[in-house]
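Chemist: Sharing a structure, written as structure tokens. Questions coming.
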Amino acid sequence: MYLNRVKSLLVVCLSLFALMISAPSLANDTAAAVEHVAKKEGDFNVTETILEHIKDDHSWHLWGHTSIHLPVILKTSQGFEVFSSEKLVDEHHEPVVHKGNFDYKLIEGKTKIVDANGNLDKEASKQLWDFSITKNVASLFVSVFILLVVLLSSAAAYKKTGIKTAPKGLQSFMEPIILFVRDEVAIPNIGAKKSGKYMPFLLTIFFLILTNNFLGLIPFFPGGANVSGNIAFTMTLAVCVFIVVNLSANKSYWEHIFWMPGMHWSMKLFLAPIELIGVFTKPISLMIRLFANITAGHILVLSLICLIFIFKTVFASAIAVPFAVFIGMIELLVAFLQAFIFTMLAAMYIGMATEEHHHEAHEEVAHH
Amino acid sequence: MVVGSVAAIGAGLAAIGAGIGIGQIGKGAVEGIARQPEAANEIRSNMIVAAAFVEAVALFAVVVALLGNG
């Protein structure tokens, strides 16, 4: 009884402590952005502040006025060039011209080549390839590091003790999740016989999306980048799914697309283009679903925090902060749910592509 | 005077559609659980997945509205 009370007291103290640390950092983050925007326009622009927080960046904000300046890597006609992104902005975070092999300047967040007057040189900028380690890329490295540590250590534990003994430590945390992906996602959709071949792929996308979703929910340093709310990231995943689905597709899958069995020939002609479009819309819907869900969550939390700055009073936080915490809780669910749904739909598409059909049944229906 | 954009109306319409959809899913799930309380866990997880699908469609509309706004 006594111990329980001490425990709950400790929890309260720790949460208060965490709140005290995290609240100023959140406020600082927004306040810095507010100052920055206000200087330019003399007024607080909600849309600009929110979009600035969800888009990719060349520097990673730590606290107050401290941030990590990530390297800029450019490939031009004169080869590769690497420099710190610090050189692209002055002390007020305004873009300035950096003289390297060419004159570089940030125009709307993107590195471009400019001429002597500081105007955009379109012809030269076409030759420019930007391979910079941006905030999203750095955050991906963090999530890959976390995944490697967690998954390799639990894999090593299986190697050491075998699968017959009870799991220990991290291993017992990972085992139910991996079994969940196998028993709830892979086997019902692909089938027990073929699912083993696709398990590594499904587990990889599941854990990659899950880790990035959770990292995106942390408002300060190790997280804070909007990786899974970036459409390029979700497009890459969707392209991977597209390739796996279409490479593993069997004859009957393609037959069902181009020459639907059991239909009149005119209907077959009519269905073929629709089914062909369906091949491409499936991964596109995967891409937009993940991107929209995560981005919408970030925008929601940010606009609730922005309420404080719209009303210009600290008392607005009495409403804004509980709502932001509530939305944050829902986002935790969404982070898991979207990883699960992406994996489940990928498994479902693979299942549809590898399914063995019984043509006799179709023919029977057609004849009667 | 009313100031805004057509995109905002679009986002609102999408929210109505999603609201109806999620409402139907919730109704179906609660009725199912009332009839078969022992299947509550399975119904609940299926309900959440279906709700996420409906929500995604609404978010597609929100993305289009945002793009139209920008």
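The values are calculated or read from the model by the stated rules, or taken from the named source; none is laboratory data. Because the structure is a prediction, the values reported are computed rather than measured. Here the Cβ positions follow ideal geometry from the backbone for every residue, glycine too, while neighbour counts run over all protein chains shown.
Chemist: Give A:PHE280, A:PHE291 a once-over and let me know the one that is at negative phi, in contact (Cβ under 8 Å) with a residue 40 or more places away in the chain and hydrophobic (A, V, I, L, M, F, W, C). If you could, list the steps in order and put the result at the bottom.
Modeler: Values: A:PHE280 fails: in contact (Cβ under 8 Å) with a residue 40 or more places away in the chain.
One residue alone meets the criteria, A:PHE291.
Chemist: Tell me which of these B:GLY21 doesn't satisfy, since it passes every other one: (1) within 11 Å of chain A (Cβ to nearest Cβ); (2) over 24 Å from A:THR47 (Cβ atoms).
Modeler: (1)
Chemist: Please go through the stretch A:296-310 and pick out each residue that is aliphatic (A, V, I, L, M) and either under 16 Å from A:GLY216 (Cβ atoms) or not in a helix (DSSP H, G or I) (or both). Show your work before the answer.
Modeler: Quick first cut of the stretch A:296-310, residues aliphatic (A, V, I, L, M) only: A:296, A:299-302, A:304-305, A:307-308, A:310.
Passing the criteria: A:ALA296, A:ILE299, A:LEU300, A:VAL301, A:LEU302, A:ILE305.
Chemist: Still on this structure, please answer the following. Find the residue count for the stretch B:31-70, including only residues that are more than 9 Å from every other protein chain (Cβ to nearest Cβ) and over 17 Å from the mean Cα position of the chain (by Cα).
Modeler: 15
Chemist: Are any of the residues in the stretch B:15-30 within 15 Å of the chain's Cα centre (by Cα) and within 18 Å of B:LEU67 (Cβ to Cβ)?
Modeler: Pass one, the stretch B:15-30, residues within 15 Å of the chain's Cα centre (by Cα): B:15-29.
Adding the requirement that they be within 18 Å of B:LEU67 (Cβ to Cβ) leaves B:15.
The answer is yes, given that some residue of the stretch B:15-30 is within 15 Å of the chain's Cα centre (by Cα) and within 18 Å of B:LEU67 (Cβ to Cβ).
Chemist: Please find, among A:ILE330, A:ILE305, A:ILE274, the residue that is within 14 Å of another protein chain (Cβ to nearest Cβ) and either of a type in the set (Val, Ile, Thr) or over 28 Å from A:THR211 (Cβ atoms) (or both).
Modeler: Values: A:ILE305 fails: within 14 Å of another protein chain (Cβ to nearest Cβ); A:ILE274 fails: within 14 Å of another protein chain (Cβ to nearest Cβ).
Of the residues listed, the single one that is within 14 Å of another protein chain (Cβ to nearest Cβ) and either of a type in the set (Val, Ile, Thr) or over 28 Å from A:THR211 (Cβ atoms) (or both) is A:ILE330.
Chemist: Looking at the stretch A:223-237, can you tell me whether even one residue there is more than 12 Å from the chain's Cα centre (by Cα) and either assigned by TED's automatic domain parsing to the domain that holds A:GLU175 or surrounded by fewer than 18 Cβ atoms within 10 Å (Cβ to Cβ) (or both)? Full working, then the answer.
Modeler: First, the residues of the stretch A:223-237 that are more than 12 Å from the chain's Cα centre (by Cα): none.
Within the stretch A:223-237 (the criterion being more than 12 Å from the chain's Cα centre (by Cα) and either assigned by TED's automatic domain parsing to the domain that holds A:GLU175 or surrounded by fewer than 18 Cβ atoms within 10 Å (Cβ to Cβ) (or both)), the answer is no, since none of the residues qualifies.
Chemist: Among the numbered criteria (1) assigned to a helix (DSSP H, G or I); (2) surrounded by 15 or more Cβ atoms within 10 Å (Cβ to Cβ), which single criterion is violated by A:ILE277?
Modeler: Tallying (1) assigned to a helix (DSSP H, G or I); (2) surrounded by 15 or more Cβ atoms within 10 Å (Cβ to Cβ), A:ILE277 fails exactly one: (2).
Chemist: Got at least one residue in the stretch A:308-322 being in contact with a Cys (Cβ under 9 Å, 6 or more places away or on another chain), surrounded by 20 or more Cβ atoms within 10 Å (Cβ to Cβ) and more than 14 Å from chain B (Cβ to nearest Cβ)? Working first, answer last.
Modeler: Initially, the stretch A:308-322 is screened for residues in contact with a Cys (Cβ under 9 Å, 6 or more places away or on another chain), giving A:320.
Those still in the list that are surrounded by 20 or more Cβ atoms within 10 Å (Cβ to Cβ) too: A:320.
Filter again for more than 14 Å from chain B (Cβ to nearest Cβ), leaving A:320.
Within the stretch A:308-322, one or more residues are in contact with a Cys (Cβ under 9 Å, 6 or more places away or on another chain), surrounded by 20 or more Cβ atoms within 10 Å (Cβ to Cβ) and more than 14 Å from chain B (Cβ to nearest Cβ).
Every residue, every condition in (1) among the β-branched types (Val, Ile, Thr); (2) exposed (fewer than 14 other Cβ atoms within 10 Å of the Cβ), yes or no:
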{"position": "A:HIS61", "(1), (2)": "no, no"}
{"position": "A:ILE107", "(1), (2)": "yes, no"}
{"position": "A:GLY118", "(1), (2)": "no, yes"}
{"position": "A:VAL137", "(1), (2)": "yes, no"}
{"position": "A:LEU140", "(1), (2)": "no, no"}
{"position": "A:ILE146", "(1), (2)": "yes, no"}
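Chemist: Let me ask something additional. Could you tell me which numbered condition A:LEU128 fails, if it satisfies all but one of (1) among the aliphatic types (A, V, I, L, M); (2) in contact with a helix residue (DSSP H, G or I) (Cβ under 9 Å, 6 or more places away or on another chain); (3) surrounded by 16 or more Cβ atoms within 10 Å (Cβ to Cβ)?
Modeler: It is condition (2) that A:LEU128 fails.
Chemist: Inside the stretch A:72-164, counting only strands (runs of 3 or more DSSP E) that do not spill past its ends, which hold 2 or more residues that are of a type in the set (A, V, I, L, M)?
Modeler: Values: elements: A:79-84, A:103-107, A:110-113.
Passing ranges, in order: A:103-107.
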